[in-house]
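One structure below.
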Amino acid sequence: MNEQNRVKINQLLTGVPGLDEILGGGLPEFSFNIIAGSPGCGKTTLAHQFIFANATVERPALYFTVMGEPALKMLRYQQQFTFFDAAKLNNAVRFVNLSQDLVERGLQGVLEEISKQVEAANPSIVVVDSFRTVLRSEMHEGKEMAIQTFVQQLALLLTSWEATTFLIGEYSESEVRDNPVFTVADGLFWLFQQVDRNSVVRKMQIIKLRGQASVPGLHTFRITEAGLQAFSRTLGLLGHRKTFSSVKRLSMGIPALDEMMGGGVPEGDSLLIAGSSGTGKSLMATQFLAAGIRAGEPGIAAVFEERPSEYTARASEFGLDLQTPLAKGSLEVIYLRPLDLSVDEMMQEILDAVKRTGAKRLVIDSLAGFEMALAPAFRADFRESLYRMIFALTAIGITILSTLEMPETFTELLFSSYSISFLTDDIIRMRYVEIDGQLSQIIMVVKMRRGAHSREIRQYQITTDGIVIGERFRNYVDLITGIPQPLSALRSKESPLDRKV
Amino acid sequence: MEDIDVVSRVCDKLRRSLTALAGAVGFRSLLARALTLAQQESPVLGSLEVKSDGSLQGLNGEAAQAGVVLIAHLVGLMITFIGESITLRLLHDVWPDLPESEVKFEKDESK
């Protein structure tokens, strides 16, 4: 059918940050939905958030409680959330207890009472909590047809009365098949709580949503005093790929390094700085941010190993003023160390900060710290998550610098213990080498996806002015092993016969 | 006689409002708890009983005079469970003409 002839399905905003995006814009009006999941996973809170966001005195929400959590206790606990508006009680949001109707008159009694209340109140939203309890009372042999009829009549009634409906139930995944409730439902929201070691991760899945395309897969969500907050696994950034007509190079704040990189890091690239402890990765990242601030490019630092005040204090030791841009809002330092973080939440923090600051540069210091901050359940998928995050952020034109601590070996040159070099456009490697009985530091540009770069291995020093890159080591071989040999020593080992040849 | 009517009417109005919210069993439990607390304070309420439908039985003249204690405990329980703000809202739904300035709750520091 062409677009003109199609019925327009209005979308209701759910009041749950991030959920509308997952649903494909909002919840279809007049849809008949099920919120399922185990006890304590946030079903009731989700429904409450929706009704308080949408109910009005003219078109109220009817919240039917049946046998489950008593309404008084529900009110006691739900009023702790900031979305709870006591002024809406009994006018825009009305609670009705159906326990007695169910006990005395069964499904027919429940249906009659719901019909009576709906016809009297003209609600825009109807919630039945817990619907599972309603059906369980009739769950015995020979009653399947009665249940199916009840569900269909209820769906018909509520849709006819132009109500968007939520049935809340403690279902297990194995019950989805052959259950008439799930067949009739237009939308099926499944909430999970996954326990991994000592942490709990909440996830939701939109198993079914008629009439519009929702984002498939499991999405992380969190419950705070503000209620649920959902994080789309696609991070809401699909289809926003930013294209550049010409590649702009961003200065690293270290002129000699810009030169080695062919003019700086290409805008929108993901750059990895790999090196062992104390090689100056964080300092380089700070210089990168400071160079951006000087060039009028706001930045964000996501730090996991030091607090924002420590971060800016350390920068000032190298003559870099991050405190002023921090106060002015052109720099944000995000410090996250909750140990049960999801990549999606981290992304949300970064995206919010990007919106606030207009950031062009992002530093993640460090990937190891980031991984440690994640809940164990997410660590297994760290590479995939990182890929999604980097792809999503670079797609909107953010240039990302990540630092990665590498174990120092003196026989080989590792680029990444995470095997994530394929995730990055550019790689800079910093490491220690032993020269004349002293530890020196060398730097090399290993990879630049979008252009030529220097192949030189150059020494550098960390000074009070930051990283100062020196000359190329000309008189040594095997520098990348960390134990180079002087060329002169090699030549002296050559035999007189070799020399003649 | 007048007191009996007043207490009965107040309890009945609260019963209708709270039964919709908490169910008949929920209201009955709440009123039974309020009665127990009230009886400790006013032994004259000892003859009172809460029937299965949530109505009161045994309300005689003396008990009716102390009925306000029962209602106070019922409202007190509501405040304990759902807080002052929501309780006030529910009371206003039952008695819309009740001026807000006349509704004052004294905090029980022992709780």
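The values are calculated or read from the model by the stated rules, or taken from the named source; none is laboratory data. Computed from a predicted structure; not experimentally measured. Here the Cβ is made from the backbone with ideal geometry for all residues, glycine too, and neighbour counts use every protein chain on show.
Structure above, values below:
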item	result
For residue A:62: the one exception among (1) out of contact with any Pro (no Cβ under 6 Å at 6 or more places or on another chain); (2) under 17 Å from residue A:94 (Cβ atoms)	(1)
Whichever residue in region A:119-144 is crowded, with 19+ Cβ neighbours inside 10 Å and part of a helix (DSSP H, G or I) and, among such residues, is modelled with the highest pLDDT	A:131
Subset of region A:99-128 [under 22 Å from residue B:54 (Cβ atoms) and either touching an Asp or Glu at 6+ places or on another chain (Cβ under 6 Å) or polar (S, T, N, Q) (or both)]	A:99, A:100, A:101, A:109, A:110, A:113, A:117
Residues (touching a helix residue (DSSP H, G or I) at 6+ places or on another chain (Cβ under 6 Å) and either part of a loop (DSSP other than H, G, I, E, B) or under 23 Å from residue A:345 (Cβ atoms) (or both)) located in region A:269-300	A:270, A:298, A:299, A:300
Condition met for residue A:64 (more than 10 Å from chain B (Cβ to nearest Cβ), within 20 Å of residue B:87 (Cβ to Cβ) and crowded, with 17+ Cβ neighbours inside 10 Å)	no
One residue from A:9, A:34, A:51, A:114 being over 24 Å from the mean Cα position of the chain (by Cα) and assigned to a loop (DSSP other than H, G, I, E, B)	A:9
Yes/no for residue A:439 being farther than 14 Å from residue A:279 by Cα, out of contact with any helix residue (DSSP H, G or I) (no Cβ under 7 Å at 6 or more places or on another chain) and modelled with pLDDT under 90	no
In region B:79-97, residue surrounded by the fewest Cβ atoms within 10 Å (Cβ to Cβ) [restricted to those that are without any contact (Cβ under 8 Å) to a residue 60 or more places away in the chain and acidic (Asp, Glu)]	B:97
Among the residues listed as B:17, B:55, the single one being away from every other protein chain (no Cβ under 14 Å), closer than 30 Å to residue A:66 by Cβ, surrounded by fewer than 18 Cβ atoms within 10 Å (Cβ to Cβ) and touching a residue at least 12 places away in the same chain (Cβ under 8 Å)	B:55
Residues located in region A:68-77, provided they are assigned to a loop (DSSP other than H, G, I, E, B) and more than 9 Å from every other protein chain (Cβ to nearest Cβ)	A:68, A:69
Selection within region A:37-48 - in contact with a Leu (Cβ under 7 Å, 6 or more places away or on another chain) and part of a helix (DSSP H, G or I)	A:43, A:45, A:46
Out of A:55, A:121, sole residue that is more than 20 Å from residue B:27 (Cα to Cα), within 13 Å of another protein chain (Cβ to nearest Cβ) and touching a residue at least 40 places away in the same chain (Cβ under 8 Å)	A:121
Filter result for residue A:305 (among the acidic types (Asp, Glu) and over 27 Å from residue A:459 (Cβ atoms))	no
Counted residues, region A:253-279 - those being crowded, with 23+ Cβ neighbours inside 10 Å and touching a Gly at 6+ places or on another chain (Cβ under 6 Å)	1
Filtered residues of region A:78-109 (kept if in contact with a helix residue (DSSP H, G or I) (Cβ under 7 Å, 6 or more places away or on another chain), buried (at least 19 other Cβ atoms within 10 Å of the Cβ), under 17 Å from residue B:93 (Cα atoms) and more than 9 Å from every other protein chain (Cβ to nearest Cβ))	A:93
Pairs, first of a type in the set (Phe, Trp, Tyr) in region A:31-43, second assigned to a strand (DSSP E or B) and buried (at least 21 other Cβ atoms within 10 Å of the Cβ), C-beta under 6 Å, six or more apart	A:32/A:165
Complete set of residues in region B:20-51 that are within 14 Å of chain A (Cβ to nearest Cβ), of a type in the set (D, E, K, R) and either in contact with a strand residue (DSSP E or B) (Cβ under 9 Å, 6 or more places away or on another chain) or under 21 Å from residue A:127 (Cβ atoms) (or both)	B:28
Residue check for residue A:106: small (Gly, Ala, Ser) and not in a loop (DSSP other than H, G, I, E, B)	yes
Within region A:45-83, considering residues that are in contact with an Asp or Glu (Cβ under 8 Å, 6 or more places away or on another chain) and β-branched (Val, Ile, Thr), the one modelled with the highest pLDDT	A:82
Per-region count, region A:441-458, residues surrounded by fewer than 18 Cβ atoms within 10 Å (Cβ to Cβ), without any contact (Cβ under 8 Å) to a residue 40 or more places away in the chain and over 33 Å from the mean Cα position of the chain (by Cα)	1
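Residue-by-condition table, conditions (1) buried (at least 22 other Cβ atoms within 10 Å of the Cβ); (2) modelled with pLDDT under 90; (3) outside any loop (DSSP other than H, G, I, E, B):
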| site | (1), (2), (3) |
| --- | --- |
| A:356 | no, no, yes |
| A:363 | yes, no, yes |
| A:368 | no, yes, yes |
| A:371 | no, yes, yes |
| A:378 | yes, yes, yes |
| A:384 | no, yes, yes |
| A:391 | no, yes, yes |
| A:402 | yes, no, yes |
| A:407 | no, yes, no |
